[in-house]
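The values are calculated or read from the model by the stated rules, or taken from the named source; none is laboratory data. The model shown is predicted, which means the values in this text are computed figures rather than measured ones. Neighbour counts run over all protein chains shown; Cβ positions are idealised from the backbone, glycine included. Remember, those area values only see protein heavy atoms, side chains included, never the ligands or the DNA or RNA. Shrake-Rupley method; radii C 1.70, N 1.55, O 1.52, S 1.80 Å.
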Amino acid sequence: MMKKRWPYYLANQPVQANTRLDVLDKFSGERVARVAFADAAAIEDAIAAAYAAREAMAAFPPDARRDVLEHCVARFEARSEELALALCIEAGKPIKDARGEVTRLVDTFRIAAGEATRIGGEVLELQLSARTRGYRGMTKRVPIGACSFITPFNFPLNLVAHKVAPAIAAGCPFVLKPAAKTPLGALIIGEVLAETDLPTGAFSIMPCSNDDASALVEDERIALLSFTGGLVGWDMKARAGRKKVTLELGGNAACIVDADPGRPLDEVVERLVFGAYYQSGQSCISVQRILVHRDLHDALAKKLITAVKKLKAGDPRDEATSIGPVIDEASAKRIDDWIADAIRGGAKALVRGKRTRNLLGASLLRDVPRDADLYRKEAFGPVACIEAYDDFDQAIARVNDSDFGLQAGVLTARIDHAMRAWDRLEVGGVVVGDVPSFRVDNMPYGGIKQSGLGREGVRCAIEDMTEPRLLVIRD
């Protein structure tokens with residue numbers, strides 16, 4: 001049974017300051033919980049606590065950090081179905097997708113536990129000339145200090161995990177602002193962290209307004225800001241001052257299907273449908289654009305139409321549901337309007353999903369104009385666009401014809417095409433043999449252009465949250 005009242009966490013402690021934030025069941029629209037909502041004074045207290053905890057967290061031994069993370073792994077596994085149900089309710093995530101996200105939460109903390117005792121340094125050869133003979137150099141990596149994290153609604157567990165777990169491994173205290181529409185996953189993580197012996201001030205988890213969160217962006221006591229969300233991240237970077245900033249700001253991912261995709265066509269269809277419609281399309285690396293060699297286009301489109309029509313939209317608690325509600329009715333209306341605009345502009349609807357409030361069925365469009373919002377921007381919903389191309393270089397150029405550059409998929413049997421894609425695609429990651437939606441939680445993940453700045457992934461995040469400290473010794 002899900003709790004009806006939830007505190008926020010201030011300096012490791014639960015605080016039931018109020019119950020001002022309503023959490024809604026995204027399918028039914030009913031209120032399921034009330035959450036404490038932090039004000040500007042509470043955010044100030046959290047930042048002060050994190051700043052004061054810097055030395056204690058830096059001194060917290062690596063094996064103790066590992067033990068905290070391993071405790072989290074065990075507790076998340078024990079509470080896995082509770083976590084999945086929370087995702088299903090607060091985010092509208094189909095239950096089978098919610099269970100997958102819980103698995104990734106566990107994986108991320110497990111990876112961080114392994115890295116906690118492997119944060120080392122290097123020995124430097126300084127004897128480069130007669131002047132430096134007898135000198136030795138070495139570095140160790142030390143925590144950067146207090147961090148602030150701001151996460152979005154679409155992965156309420158795993159995107160939190162990708163900030164929190166590396167911070168603990170690195171020895172950095174932090175203040176986290178989870179999305180106000182989906183705070184429960186982060187607060188369950190807070191419950192588990194509160195069971196550990198982390199130093200006081202090591203963590204605060206504070207649902208709050210965007211206005212009150214401005215201190216997490218601007219306060220000079222914060223050494224690193226990590227934001228995942230929309231293009232407002234660039235404004236945050238401009239306001240962040242001297243602190244380090246990492247941004248993951250989305251995309252409109254493309255997948256190239258070569259004349260010989262290197263996979264049976266049915267498998268290609270299965271992966272494209274997964275990539276485009278899992279999580280109801282609310283993923284930064286959802287397959288939004290499908291570029292198919294003209295020789296395969298008609299056959300692939302026919303199979304895609306059949307597969308997309310079979311996707312069931314409805315109650316996310318139903319094991320048979322593939323498409324749950326998007327986060328709110330305004331988002332569903334925007335997506336629906338973009339689809340309608342594309343059709344008016346000349347696109348053909350191969351499958352046209354119907355909208356009921358914030359539930360939008362799967363759609364598949366052909367030949368969407370390349371100046372349409374549905375092609376240029378991030379749809380963030382259950383819709384994909386398919387188009388034909390004539391040669392591989394043309395496909396690469398079309399993928400690159402985007403303001404975004406997060407990940408791209410390339411289904412090809414040709415190694416020269418795979419390597420050309422790796423060399424020339426303007427994205428942070430190229431996935432050959434699969435869709436761009438593939439991600440493992442230890443790989444460097446992030447984009448270029450409007451998609452962001454820096455890389456996530458446990459090891460990359462730990463490197464961002466630590467810095468080398470040099471020691472020079474003269475014999």
- Task: Go through the range 12-51 residue by residue and tally those that are buried (at least 20 other Cβ atoms within 10 Å of the Cβ), under 14 Å from MET206 (Cα atoms) and within 25 Å of the chain's Cα centre (by Cα).
- Result: 9
- Item | Selection from the range 45-64 of residues that are more than 15 Å from ASN12 (Cα to Cα) and either of a type in the set (Val, Ile, Thr) or part of a helix (DSSP H, G or I) (or both) | GLU55, ALA58, ALA59, PRO62, ASP63, ALA64
- Message: When you check GLY361 against the structure, is it of a type in the set (Gly, Ala, Ser) and over 23 Å from VAL269 (Cβ atoms), yes or no?
- Response: no
- Task: Inspect all residues belonging to the range 298-308 and state whether any of them is under 21 Å from the mean Cα position of the chain (by Cα) and open to solvent by less than 10 Å² (accessible area, probe 1.4 Å).
- Result: no
- Task: Within the range 324-339, track down each residue that is part of a helix (DSSP H, G or I) and small (Gly, Ala, Ser).
- Result: ALA330, SER331, ALA332
- Any strands (runs of 3 or more DSSP E) falling wholly within the range 354-455 and containing at least 1 residues that are of a type in the set (S, T, N, Q): 363-366, 407-411
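For every residue, the table says whether it meets (1) more than 22 Å from VAL458 (Cβ to Cβ); (2) open to solvent by 40 Å² or more (accessible area, probe 1.4 Å); (3) part of a loop (DSSP other than H, G, I, E, B).
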position: ARG99; (1), (2), (3): no, yes, no
position: THR103; (1), (2), (3): no, yes, no
position: ASP107; (1), (2), (3): no, yes, no
position: ALA112; (1), (2), (3): no, no, no
position: LEU126; (1), (2), (3): yes, yes, yes
position: ARG131; (1), (2), (3): yes, yes, no
position: ARG136; (1), (2), (3): yes, yes, no
position: VAL160; (1), (2), (3): no, no, no
- Message: Can you tell me which condition ARG370 does not meet? The list is (1) modelled with pLDDT of 95 or more; (2) buried (at least 16 other Cβ atoms within 10 Å of the Cβ), and all the others hold.
- Response: (2)
- In the range 200-218, what count of residues is obtained for those that are buried (at least 21 other Cβ atoms within 10 Å of the Cβ) and closer than 24 Å to GLU467 by Cα? 6
- Item | Lone qualifier among ARG66, ARG104 - being more than 26 Å from GLY275 (Cβ to Cβ) and of a type in the set (Lys, Arg) | ARG66
- Message: Going through ALA307, ALA299, ALA342 one at a time, which residue ends up being in contact with a Pro (Cβ under 8 Å, 6 or more places away or on another chain), in contact (Cβ under 8 Å) with a residue 24 or more places away in the chain and not in a loop (DSSP other than H, G, I, E, B)?
- Response: ALA342
- Message: Return the residues of the range 414-460 that are touching a Ser or Thr at 6+ places or on another chain (Cβ under 9 Å), within 27 Å of THR117 (Cα to Cα) and open to solvent by less than 10 Å² (accessible area, probe 1.4 Å); say none if nothing qualifies.
- Response: ASP441, GLY446, VAL458
- Which numbered condition trips up PHE274, out of (1) in contact with a Gly (Cβ under 9 Å, 6 or more places away or on another chain); (2) open to solvent by 20 Å² or more (accessible area, probe 1.4 Å); (3) farther than 20 Å from GLU426 by Cα? (1)
- Task: Output yes when any residue across the range 163-182 is among the polar types (S, T, N, Q) and open to solvent by less than 10 Å² (accessible area, probe 1.4 Å), and no when none is.
- Result: yes
- Which condition number does VAL430 fail, the rest of (1) touching a residue at least 40 places away in the same chain (Cβ under 8 Å); (2) β-branched (Val, Ile, Thr); (3) under 21 Å from GLY454 (Cα atoms) being met? (1)
